[in-house]
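In what follows, a single structure is set out as structure tokens and then discussed.
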2 protein chains.
Amino acid sequence: MQSFDIDKSDLLRLKTALENSDAELQQVLQQYHTSEIAILFEKLQPEERERIIKILPAVEASEVISEMDEEHHPAELLINLDKEKRSEIVEELDYDDATDIISQLGESEQQEILDGIDQEDATNIRTLLTYQEDTAGGLMNTDLIKVNVNLTKNEALEEIIRQSEQMEEFYTLYGVNDIGELKGILSIKDIIKARRQVRVEELVNTDFVFVKADLDQEEVAKLISQYNLTSIPVVNDDMKLLGRITVDDIIDVMEEENTEDILKISGVSEDEELSGGWQDAVKSRLPWLVINLGTAFLAASVIRHFDATAAKLPVIAAYMTIIAGMGGNAATQALAVTVRRISLSDLTDKQAYNTVLKEFLVGMINGAANGVIVFIVALLYDANPKLGLALFLAMTGNLIVAGLTGATIPLILKRVGIDPAVASSIIITTFTDCIGFLLPLWLATKLLL
Amino acid sequence: MQSFDIDKSDLLRLKTALENSDAELQQVLQQYHTSEIAILFEKLQPEERERIIKILPAVEASEVISEMDEEHHPAELLINLDKEKRSEIVEELDYDDATDIISQLGESEQQEILDGIDQEDATNIRTLLTYQEDTAGGLMNTDLIKVNVNLTKNEALEEIIRQSEQMEEFYTLYGVNDIGELKGILSIKDIIKARRQVRVEELVNTDFVFVKADLDQEEVAKLISQYNLTSIPVVNDDMKLLGRITVDDIIDVMEEENTEDILKISGVSEDEELSGGWQDAVKSRLPWLVINLGTAFLAASVIRHFDATAAKLPVIAAYMTIIAGMGGNAATQALAVTVRRISLSDLTDKQAYNTVLKEFLVGMINGAANGVIVFIVALLYDANPKLGLALFLAMTGNLIVAGLTGATIPLILKRVGIDPAVASSIIITTFTDCIGFLLPLWLATKLLL
């Protein structure tokens, strides 16, 4: 019973225990909740994790493994265990967790694990393995309480107690008919309060939200968030109840999707593991950098067209980098606000139009404000008011371009069905670089030479 | 009963109904779940929202208002209603939702609303108003089921049914002693299954996670996510049960925190409303841009030191913008991965060291790869292998700097207690700009002149 915060002393304690006998290690482990062991687990070496899993009873070992991040390869940990322990652990896992972990393995290893466990469990897991990992089917758990709507109150209560024997939390109860079609949801409160003779049919709430097994997990998360649900039933095309998704799995989905958003908008492949090795990171980031190198050459070719201007006015080189860089920053701001807004809710045409208009205005005002500063610097430092005017206009112009591209490109991508977050700042800054070089060079040529 | 997706036709339908009589509008509204009306609400004008709230029965109106985003100002909507309707709606709201909304108003308006409602409700809301909005106390709901641990099974069951009369979902039951101290949590399943004479004391689970009222909401979200909880009790320093936070409120917190992360890393103030006006956006973004303008002058002053080099080798201007820009991109990548990693879990010293080492390696490899491309271009396009060599070295050097700053700065900020996301790409790129200009200019001067 504690408000919990793992700190260094806990890790040190566990590390020390790992140097000692099994009995001592066991004693230390007993003092932690399995969720706490799972957090400490992330800081350990693979062979240390293996030792702990071997020592823990199967129930607890399965809880720790189910909490492990995919990045730390729970599947490999499992496959390294001896056959008996492994089977015990897999049988203790919730079907959806077991499926997630087993799906990381090769076909023959999957076979090996499933052959070693209870055949009913194996069948359930095999079915779940057929769904895509990032869909409702891949998220759902088949472990749930379903009650035939033809039962009476007392029969239903008995049935619920029987089915809940092996479950920790059951959230919602589901009412199904004789052929397994979902008819409604039931609250335990209504069953308890009902009179004896009442049948489940009269108690179910038929106004419920459900999802099909192939729905994308991001859409499932949106529904659960919008309707404030604790769980949502998953059905097939014939309305047969397949499973349910609980809100704790959705929290993991949200974390995953948010990580992907931040990475994509920063020009990192969404598949990069945050704690992965350097090989992984190079593979994920180098392609974006090479694409950007191509666009950077494009922007730089603008400069080469104005060699004469640069030779006569060498100071322009320093100023144009400032204007291009500021454009990149303003575009990144507009992009972040627009991408996040789109990802939280769809925009109507009018809202999209207003967004672009707003970013145009913001770009103009911020551009003029920074333009005035640059004008003053050119006046005081270079004693050149014409240069100052050219720079003021260039800064304003480039920040307008920044606002427009930062808002328009993600909106267009969304309309054509591409994830707006791939309009990463890397892509957007190509525009602000090109315009940021072109405008000061061209305006300086016109006004000064 | 539907897997739900609001589209344009729904909005059009509602907009048309808004042109017509109250009866027709009522009929259209009846076809939507309150969560759906809340989504459509975001696309309407304030006066249209007001009309709908006036027409809806208080129960439904309160559900719609509680679902409204703070950005759409539910408090103003409420204050514009006539007194009677307003009181009805506030009384229907959950205490936590009512508190959130009322806290947006000025003191006299708060008073006016609270004076108009049931005094028990008002007292509860007044207590909640004393907690900071972004703490456990500000998030919690005081509506919960608590059972004295001295009751027998049957007494407890009666008590639960009595208390649950006005609640939709109760998630967890709480066992308290005579003076209101939290003793443990209870599952409805265990109560139903228990024998008659058993007392609650024997049924409560005393191994539970709780939080104090002043804990930051982000920490609450982490606990709920780590322990896979559906709700968490909130206590004061004497372990007296104050309320509980449910997982659906945490989903809103996670969305909020993730929005803040994306905005901050992109150099936007965390307070900017995504759908706010241009004034709001200028206020939130201009300060960052002006700070960056200062640092950009710093970077540009590097260029002015090499006026002689630029005059003799004008092509260097184009190349140095490429190298500085690529550094900015690589730094943004390293920053995004590191910030997201830190925000999901704390790193040990060893993990922090490995992160920096990894980013150094990634910077070197990506730098060398892009450096080779630039070398080849300088060779083919400018027929200048010495320039190519200088550019290769500069690109590699700058991407190493990018990796090191992108990883080190957020790690240092975290250690000194500053939010690592403020190490936004805007700040980090100052380094890569300075080094990105300095390296090619200095190396070209050394190798070529």
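The values are calculated or read from the model by the stated rules, or taken from the named source; none is laboratory data. What you are looking at is a predicted structure, and each value in this text was computed from that prediction instead of being measured. Heads up, the Cβs are rebuilt from the backbone with ideal geometry, glycines too, and the neighbour counts pull from every protein chain shown. Surface accessibility is based on the protein's heavy atoms, side chains included, excluding ligands, DNA and RNA. Shrake-Rupley method; radii C 1.70, N 1.55, O 1.52, S 1.80 Å.
Does A:Arg285 satisfy being charged (D, E, K, R), facing another protein chain (nearest Cβ under 7 Å) and open to solvent by less than 10 Å² (accessible area, probe 1.4 Å)?
When the stated conditions are applied, A:Arg285 passes them.
Check whether at least one residue in segment A:56-69 is under 28 Å from A:Leu182 (Cβ atoms) and without any contact (Cβ under 8 Å) to a residue 60 or more places away in the chain, and report yes or no.
For segment A:56-69, residues under 28 Å from A:Leu182 (Cβ atoms) and without any contact (Cβ under 8 Å) to a residue 60 or more places away in the chain: present.
Quick test of your reading of the structure: B:Asp22 fulfils all but one of (1) at pLDDT 85 or above; (2) out of contact with any helix residue (DSSP H, G or I) (no Cβ under 7 Å at 6 or more places or on another chain). Name the failing condition by number.
B:Asp22 satisfies every listed condition except (2).
Does B:Val290 satisfy the condition of being open to solvent by 10 Å² or more (accessible area, probe 1.4 Å) and touching a residue at least 60 places away in the same chain (Cβ under 8 Å)?
Spelling it out, it is not the case that B:Val290 is open to solvent by 10 Å² or more (accessible area, probe 1.4 Å) and touching a residue at least 60 places away in the same chain (Cβ under 8 Å).
Out of the residues in segment A:5-54 meeting the condition of being of a type in the set (A, V, I, L, M, F, W, C) and more than 33 Å from the chain's Cα centre (by Cα), tell me which one is surrounded by the fewest Cβ atoms within 10 Å (Cβ to Cβ).
The selected residue is A:Ala23.
Before we move on, is B:Ala394 over 17 Å from A:Leu263 (Cα atoms), of a type in the set (A, V, I, L, M), open to solvent by 10 Å² or more (accessible area, probe 1.4 Å) and not assigned by TED's automatic domain parsing to the domain that holds B:Glu219?
no
Results for (1) in a loop (DSSP other than H, G, I, E, B); (2) among the basic types (Lys, Arg); (3) outside the structural domain of B:Ala221 (by TED's automatic domain parsing), shown as yes or no for each residue.
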position	(1), (2), (3)
B:Ala98	no, no, yes
B:Ser108	no, no, yes
B:Gln111	no, no, yes
B:Leu114	no, no, yes
B:Ile117	yes, no, yes
B:Gly138	no, no, yes
B:Arg162	no, yes, no
B:Gly184	no, no, no
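How about segment B:180-200: which of its residues are among the charged types (D, E, K, R) and either open to solvent by 40 Å² or more (accessible area, probe 1.4 Å) or in contact with a Cys (Cβ under 6 Å, 6 or more places away or on another chain) (or both)?
Across segment B:180-200, the qualifying residues are B:Glu181, B:Lys183, B:Asp190, B:Lys193, B:Arg195, B:Arg196, B:Arg199.
Does segment B:84-91 include one or more residues that are within 22 Å of B:Glu112 (Cβ to Cβ) and exposed (fewer than 15 other Cβ atoms within 10 Å of the Cβ)?
Checked against the condition, which is being within 22 Å of B:Glu112 (Cβ to Cβ) and exposed (fewer than 15 other Cβ atoms within 10 Å of the Cβ), segment B:84-91 yields at least one hit.
Exactly one of (1) within 8 Å of chain B (Cβ to nearest Cβ); (2) buried (at least 18 other Cβ atoms within 10 Å of the Cβ) is unmet by A:Gly388. Its number?
Status for A:Gly388: all satisfied but (1).
Take segment A:294-335 and flag every residue that is more than 8 Å from chain B (Cβ to nearest Cβ), open to solvent by 10 Å² or more (accessible area, probe 1.4 Å) and not small (Gly, Ala, Ser).
Matches in segment A:294-335: A:Thr295, A:Leu298, A:Val302, A:His305, A:Phe306, A:Lys312, A:Leu313.
Looking at segment B:340-356, I want the residues that are assigned by TED's automatic domain parsing to the domain that holds B:Arg415 and have a partner that is of a type in the set (Gly, Ala, Ser) and not in a loop (DSSP other than H, G, I, E, B) with Cβ atoms under 8 Å, at least 6 apart or on another chain. Which pairs are those?
B:Ser343/B:Ala421; B:Thr355/B:Ala407; B:Val356/B:Ala407
May I ask you to say which residue of B:Glu255, B:Glu270, B:Glu260 is modelled with pLDDT under 90, of a type outside the set (S, T, N, Q), closer than 30 Å to A:Glu63 by Cβ and open to solvent by 20 Å² or more (accessible area, probe 1.4 Å)?
Of the residues listed, the single one that is modelled with pLDDT under 90, of a type outside the set (S, T, N, Q), closer than 30 Å to A:Glu63 by Cβ and open to solvent by 20 Å² or more (accessible area, probe 1.4 Å) is B:Glu255.
Quick one: count up the residues across segment B:414-432 that are among the aliphatic types (A, V, I, L, M), in a helix (DSSP H, G or I) and open to solvent by 30 Å² or more (accessible area, probe 1.4 Å).
Total satisfying the criteria: 2.
Of the residues in segment A:113-141, how many are free of Cβ contacts under 8 Å to residues at least 12 places away in the same chain and surrounded by 14 or more Cβ atoms within 10 Å (Cβ to Cβ)?
So the answer is 1.
Among (1) open to solvent by less than 70 Å² (accessible area, probe 1.4 Å); (2) farther than 21 Å from A:Arg49 by Cα; (3) of a type in the set (Asp, Glu), where does A:Glu107 come up short?
It fails just one condition, (1).
Restricting attention to segment B:336-379, and to residues there that are buried (at least 24 other Cβ atoms within 10 Å of the Cβ) and within 7 Å of another protein chain (Cβ to nearest Cβ), which single residue is nearest to B:Lys222 (Cα to Cα)?
B:Arg340
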